[in-house]
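For reference, the structure is listed below as structure tokens.
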Amino acid sequence: MSLRQCSWTQVTIHDVILSWLMAERNGADATALWPTTGLSFNNLLDNPDLLDTLQNQGRCRLLLKIRDLYVSEIPVDTVWYRVDGFSEQHLSLLYVVNQPCWLDPGDRNELLKVAKRKPLTLSLAPSEWEAPIFFGHAEDGPFCILEGNHRLTAFSGSGQSSMRISVYIGISQQKCRWNPLDV
């Protein structure tokens, strides 16, 4: 099944920010930043209200503190979708982020090739992941991984062959610095 045949639902940037922060919660020491939001950790992530302007602003500020360099380079006209049914057959559409620790002109950052040159240990089953976040110019791809590079690289190199997850995909015709195909 092509990715276009999966279930695409347009979402707000607030859905994407919440998912990004949930993924970052375990990877970054974000708890030191919570006091700057004026809201509790519980309200922002564990009991989120995506219609609450103050909570959305707090989550946005927190993400900017953790990942400002990434977020500030995503085109403002990006339209976001939650895509259900992303599977291992779609991995060939992915490129790891255009960042020095991932770059190698020999493989143009194609995920499946990166997984061979940069072996990582898969620590969680895909069913336990927060939704990875991708960016591209069309629903058919290709896409760069904005969030989830380590997990997807580890899965791709693990030899496992069964994955069915939800992902967030941002679509814009504007170039993005993080997309290795745009530089």
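A short reminder: the numbers here are calculations on the coordinates, not readings from a lab. These numbers were taken from a predicted model, which means no experiment stands behind them. Here Cβ is always computed from backbone atoms with ideal geometry, including for glycine, and neighbour counts include all displayed protein chains.
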Working carefully through the options Ser127, Ser172, Ser72, find the one that is among the polar types (S, T, N, Q) and touching a Pro at 6+ places or on another chain (Cβ under 8 Å). Ser172
Just checking, does the stretch 123-132 include any residue being out of contact with any Lys or Arg (no Cβ under 7 Å at 6 or more places or on another chain), farther than 20 Å from Val183 by Cα, touching a residue at least 12 places away in the same chain (Cβ under 8 Å) and among the acidic types (Asp, Glu)? yes
Can you tell me which residues in the stretch 84-96 are over 18 Å from Glu130 (Cα atoms) and touching a residue at least 40 places away in the same chain (Cβ under 8 Å)? Gln89, Leu93, Tyr95
